[in-house]
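Some notes on the structure that comes next.
The values are calculated or read from the model by the stated rules, or taken from the named source; none is laboratory data. The model shown is predicted, which means the values in this text are computed figures rather than measured ones. Cβ placement follows ideal geometry from the backbone for every residue including glycine, while neighbour counts extend to all protein chains displayed. For accessibility, only protein heavy atoms count, side chains too; no ligands or nucleic acids. Shrake-Rupley method; radii C 1.70, N 1.55, O 1.52, S 1.80 Å.
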Amino acid sequence: MTYAFEESIEKRILSWLNGPCDDATKQEILRQTQQSPEALREAFIKELSFGTGGLRARLGVGTSRINVYTIRAASLGLANYLKQQFSEEKKLSVFIGFDVRLNSALFAQEAAQI
């Protein structure tokens, strides 16, 4: 039996499968397609948003989860916003920190590379 995703969710899933995601991520998406389609649906149900508490979500594959791809997207969005707001500044700098939470150092490094 094949699980049918809503068009918007299927579009997000396909963009990850056909995009520059690493092989392990793509394999996890394919695994969930077969074994946990409802969990996969939840993982791609929306784009992760930045709220008053920052980025808050479960770790995992998908656009509504915390992972290197959503960290990169959020970091790029913030960088573009800051450049737009402070376009007259000759040099703009930010502080990126991390703590003991799982993958915190990795996510800080990903943000810094953006």
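Between R58 and F95, how high is the FRET efficiency from 1/(1 + (r/R0)^6) when r is the Cβ-Cβ distance and R₀ = 30 Å? Nearest 0.05.
Values: r = 26 Å, r/R0 = 0.86.
In this case the efficiency is close to 0.70.
Restricting to Cα pairs below 8 Å that are 6+ residues apart, what does the relative contact order work out to for the range 16-110? Please round to a whole percent.
Values: 66 pairs, mean separation 16.4, N = 95.
Result for the range 16-110 is 17 percent.
Short version: ³J(HN,Hα) in whole Hz for each residue of the range 22-38, in order, from phi by Karplus 6.51 cos²θ - 1.76 cosθ + 1.60 (θ = phi - 60°), x for Gly and Pro, what are they?
Ordered by residue, 3J(HN,Hα) equals 5, 4, 5, 5, 5, 5, 5, 4, 5, 5, 5, 4, 8, 9, 9, x, 5 Hz.
Using just the alpha carbons, could you tell me how many Å³ per residue the convex hull of the range 19-77 encloses?
So the per-residue Cα hull volume is 81 Å³.
Whole-Hz Karplus ³J(HN,Hα) for the range 9-18, in order, using 6.51 cos²θ - 1.76 cosθ + 1.60 and θ = phi - 60°, x for Gly and Pro?
Here the 3J(HN,Hα) series is 6, 4, 4, 5, 4, 5, 5, 6, 5, 9 Hz.
Per-residue HN-Hα couplings for the range 57-69, Karplus 6.51 cos²θ - 1.76 cosθ + 1.60 at θ = phi - 60°, whole Hz, x for Gly and Pro?
Ordered by residue, 3J(HN,Hα) equals 5, 6, 6, x, 6, x, 6, 9, 10, 7, 7, 4, 6 Hz.
On a 1.4 Å probe surface of the protein chains, which of T25, T52 comes out largest in accessible area, and what is the full order? Before the final figure, lay out the partial values.
Numbers: T25 20, T52 160 Å².
Most to least solvent-accessible, the answer reads T52, T25.
As a test of the formula, what do you get for the chain when each DSSP H run with n ≥ 4 contributes -39,500 (n - 2.57) and the sum is divided by the residue count, at 222 nm and rounded to the nearest 500 deg cm²/dmol?
-16500 deg cm²/dmol
Under a 1.4 Å probe, what is the accessible area of the chain per residue, stated in Å²? Don't skip to the end; give the middle numbers.
On the way: 8370 Å² over 114 residues.
That works out to 73 Å² for each residue.
With all protein chains present, how much of the accessible area of the chain (probe radius 1.4 Å) comes from carbon and sulfur, to the nearest whole percent?
Values: 4480 of 8370 Å².
Ligands and nucleic acids excluded, carbon and sulfur give 54 percent.
Quick check on the range 44-93: what are the equivalent-ellipsoid semi-axes from the Cα gyration tensor, as sqrt(5λ), descending, whole Å?
Numbers: eigenvalues 135, 20, 15 Å².
For the range 44-93, the ellipsoid semi-axes come out as 26, 10, 9 Å.
Mind checking which of K46, K91, K83 has the largest fluctuation in a GNM of the chain, springs on alpha carbons under 10 Å?
K91
Under the √(5λ) rule applied to the eigenvalues of the Cα gyration tensor, what semi-axes describe the equivalent ellipsoid of the chain? Give them in Å, descending.
Working: eigenvalues 181, 47, 31 Å².
Ellipsoid half-lengths, sorted descending, are 30, 15, 12 Å.
Using a 10 angstrom cutoff on alpha carbons, build the Gaussian network for the chain and name the most mobile of S104, S64, S49.
It is S104.
Report the full-extension gain for the segment K83 to A24: residue separation times 0.36 nm, less the Cα-Cα distance, to one decimal in nm. Provide the component values of the computation, followed by the final result.
Numbers: separation 59, 0.36 × 59 = 21.24 nm, distance 3.34 nm.
The K83-A24 span can extend by a further 17.9 nm.
Could you sort K26, K90 by accessible area so the largest value comes first, with the probe set to 1.4 Å? Intermediate values should be presented prior to the final figure.
Working: K26 45, K90 200 Å².
Order by accessible area, largest first: K90, K26.
Would you mind telling me which residue in E28, E47, E89 has the biggest mean-square fluctuation in a Gaussian network model of the chain, where springs connect alpha carbons within a distance under 10 angstrom?
Answer for the Gaussian network model of the chain: E89.
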